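Have a look at the structure below before the remarks.
The values are calculated or read from the model by the stated rules, or taken from the named source; none is laboratory data. Please read these numbers as outputs of a predicted model, since none were measured by experiment. No Cβ is skipped: glycine too gets one built from the backbone with ideal geometry, and neighbour counts run over all protein chains shown. In case anyone asks, the SASA skips ligands and DNA or RNA and just uses the protein heavy atoms, side chains included. Shrake-Rupley method; radii C 1.70, N 1.55, O 1.52, S 1.80 Å.
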Amino acid sequence: MRSQVTTALPDSERGTASGGTRERRARRCARMVRTKWRRPMALRVGVIGGGQLARMMIAPAVELGLELRVLAEDEGMSAQLAATAVGDYHDLEVVRAFVRDVDVVTFDHEHVPQEVLRALVADGVAVHPGPDALQFAQDKLLMRARLEELGVPQPDWAPVRDSSELQAFLDEHDGQGVVKTPRGGYDGKGVRVVREAGEAQDWFDGLADGEALLVEELVGFVRELAQQVARRPGGQIVAYPVVETVQRGGVCAEVIAPAPHAAERLVRVAEEIGRSIAEGLGVTGMLAVELFETDDERILVNELAMRPHNSGHWSQDGAVTGQFEQHLRAVADLPLGDTAPQAAWSVMVNILGGPQTGTLGDRFAGAMSEHPSAKIHTYGKSPRPGRKVGHVNVTGDDLDDAVYVARAAAAHFD
């Protein structure tokens with residue numbers, strides 16, 4: 001982009017109609033000024049998906065000098081401030097038109113079809129994470145098979161195509177299991193605990209030829225954890241502290257960073273798992289690995305997300321480099337930032353549903369007045385029961401105090 005610099009000369013210094021020396025000198029000076037003040041073109045990062053994760057990339061993109069462009073599914077979505085296009089990400093030509101003006105493509109979610117992703121790569125577009133990695137976040141059966149090849153610890157599992165196969169698995173696992181739809185499930189959707197094969201019959205009835213459900217052992221766990229790492233295309237990897245996540249109704253409600261009472265072995269194993277998955281799958285960008293800490297002292301992989309993740313929202317205010325900045329650094333192939341915590345404890349509490357009357361905006365003043373240490377982040381979404389509409393971060397030296405303040409501040413938005 002060129003600076004708009006105009007050099008004007010007084011009438012007494014203008015050259016002749018044929019171009020005098022003064023006029024030529026003035027043109028040379030103007031060219032020198034424009035060259036001196038020309039700004040380098042910003043790297044353009046295109047985000048497919050206009051949800052809250054894309055929204056929270058906007059501020060760090062500005063700070064990094066990146067130009068963020070968003071392909072939103074609909075008008076008025078969370079990331080509307082950066083939405084340069086609205087369209088269906090399932091439509092290859094819509095996506096091609098969007099990526100024409102960006103240097104690298106990344107995602108707000110994992111739902112872009114493989115055929116679209118692979119067509120972009122064939123077109124020479126830089127896609128991070130690429131389709132070869134993203135397929136394992138899109139399909140849980142593929143994920144389980146690949147993690148098994150990598151030797152990553154995980155629950156016992158099997159693909160099941162009908163009730164008889166499911167019943168055989170249940171019989172081998174104390175008569176219980178967790179059935180999942182391989183694609184599309186999140187926040188507790190597409191997941192059922194079953195004790196009889198017939199409890200999943202409606203899902204079997206909906207399968208197309210050749211499709212299967214995933215069944216996993218029902219793990220006896222003492223808590224859920226999450227390990228985040230970031231990886232650049234060239235292979236540089238950094239890891240965040242392992243955190244504890246608290247689920248309510250299948251939805252993440254709270255996160256504590258770092259995970260309390262985490263033995264040195266647990267911290268080491270969680271980081272090794274995160275790093276090995278990022279390297280083994282060739283992930284670029286942020287990777288979140290959801291984990292179970294079992295009652296028999298195992299650490300098992302539950303789910304993967306190849307993008308910023310709810311378990312990392314604490315890092316916006318609690319780490320030297322927040323996950324949204326880190327994701328942008330990684331996909332733009334910039335040096336990765338320090339992941340160290342900035343306080344002894346960070347607590348994130350989700351705002352779920354929002355107020356039954358009025359708006360989220362109505363509640364800010366009260367929350368900020370009573371809890372000035374709380375950092376409040378909202379997503380530009382209208383309230384709806386169970387919907388993630390924002391979160392609160394609190395950092396401090398005392399965990400109990402940080403938990404209390406975060407919960408109290410979030411309660412203002414109920």
Do we have any residue at all in segment 355-362 that's modelled with pLDDT under 95, hydrophobic (A, V, I, L, M, F, W, C) and closer than 26 Å to Glu75 by Cα?
yes
Somewhere in segment 60-74, is a residue free of Cβ contacts under 8 Å to residues at least 12 places away in the same chain, more than 24 Å from His391 (Cβ to Cβ) and surrounded by fewer than 18 Cβ atoms within 10 Å (Cβ to Cβ)?
no
Here are the criteria: (1) loosely packed, with under 14 Cβ neighbours inside 10 Å; (2) among the polar types (S, T, N, Q); (3) at pLDDT below 95. Tell me which single one Gln176 does not satisfy.
(3)
Write out, first by first residue and then by second, each pair whose Cβ atoms fall under 8 Å of each other, whose residues are 6+ apart or on separate chains, and whose first residue, in segment 120-145, is aromatic (Phe, Trp, Tyr) while the second is surrounded by fewer than 20 Cβ atoms within 10 Å (Cβ to Cβ).
Phe136/Leu142; Phe136/Arg146
Check Leu214, Leu207, Leu266 and return the single one that is more than 29 Å from Val389 (Cα to Cα) and surrounded by 19 or more Cβ atoms within 10 Å (Cβ to Cβ).
Leu214
Given (1) modelled with pLDDT of 95 or more; (2) under 19 Å from Phe292 (Cβ atoms); (3) assigned to a loop (DSSP other than H, G, I, E, B), where does Gly188 come up short, assuming only one miss?
(1)
Of the residues in segment 363-414 that are polar (S, T, N, Q) and not in a helix (DSSP H, G or I), the one that is surrounded by the most Cβ atoms within 10 Å (Cβ to Cβ) is Asn393
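Output yes when any residue across segment 225-236 is polar (S, T, N, Q), touching a helix residue (DSSP H, G or I) at 6+ places or on another chain (Cβ under 9 Å), assigned to a strand (DSSP E or B) and under 20 Å from Ile299 (Cβ atoms), and no when none is.
To start, the set of residues in segment 225-236 that are polar (S, T, N, Q) comprises 227-228, 236.
If we keep only those that are touching a helix residue (DSSP H, G or I) at 6+ places or on another chain (Cβ under 9 Å) as well, we get 227-228, 236.
From what's left, assigned to a strand (DSSP E or B): 227-228.
Keeping just the survivors that are under 20 Å from Ile299 (Cβ atoms) gives 227-228.
Scanning segment 225-236 turns up at least one residue that is polar (S, T, N, Q), touching a helix residue (DSSP H, G or I) at 6+ places or on another chain (Cβ under 9 Å), assigned to a strand (DSSP E or B) and under 20 Å from Ile299 (Cβ atoms).
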Complete set of residues in segment 191-222 that are in a strand (DSSP E or B), in contact (Cβ under 8 Å) with a residue 40 or more places away in the chain and under 28 Å from His109 (Cβ atoms):
Val191, Leu213, Leu214, Val215, Glu216, Phe221
Six or more apart or on different chains, Cβ under 6 Å: which pairs go from a residue in segment 339-352 that's farther than 12 Å from Val246 by Cβ to one that's at pLDDT 95 or above and among the acidic types (Asp, Glu)? Could you list them?
Ala344/Asp397
Search segment 80-102 for residues being in contact (Cβ under 8 Å) with a residue 40 or more places away in the chain and assigned to a loop (DSSP other than H, G, I, E, B), and hand back the single one that is surrounded by the fewest Cβ atoms within 10 Å (Cβ to Cβ).
Asp101
Since Gln247 meets every condition but one in (1) polar (S, T, N, Q); (2) touching a helix residue (DSSP H, G or I) at 6+ places or on another chain (Cβ under 8 Å); (3) free of Cβ contacts under 8 Å to residues at least 60 places away in the same chain, which condition does it not meet?
(2)
For segment 223-239, state whether one or more residues are under 30 Å from Leu166 (Cα atoms), at pLDDT below 95 and surrounded by fewer than 20 Cβ atoms within 10 Å (Cβ to Cβ).
no
What's the total number of residues in segment 115-131 that are touching a Leu at 6+ places or on another chain (Cβ under 8 Å) and in a helix (DSSP H, G or I)?
5
Looking across segment 269-296 at residues that are open to solvent by 20 Å² or more (accessible area, probe 1.4 Å) and part of a loop (DSSP other than H, G, I, E, B), the single one that is farthest from Leu225 (Cα to Cα) is Gly282
Matching residues, segment 240-249, being open to solvent by 20 Å² or more (accessible area, probe 1.4 Å) and part of a strand (DSSP E or B)
Glu244, Val246, Gln247, Arg248
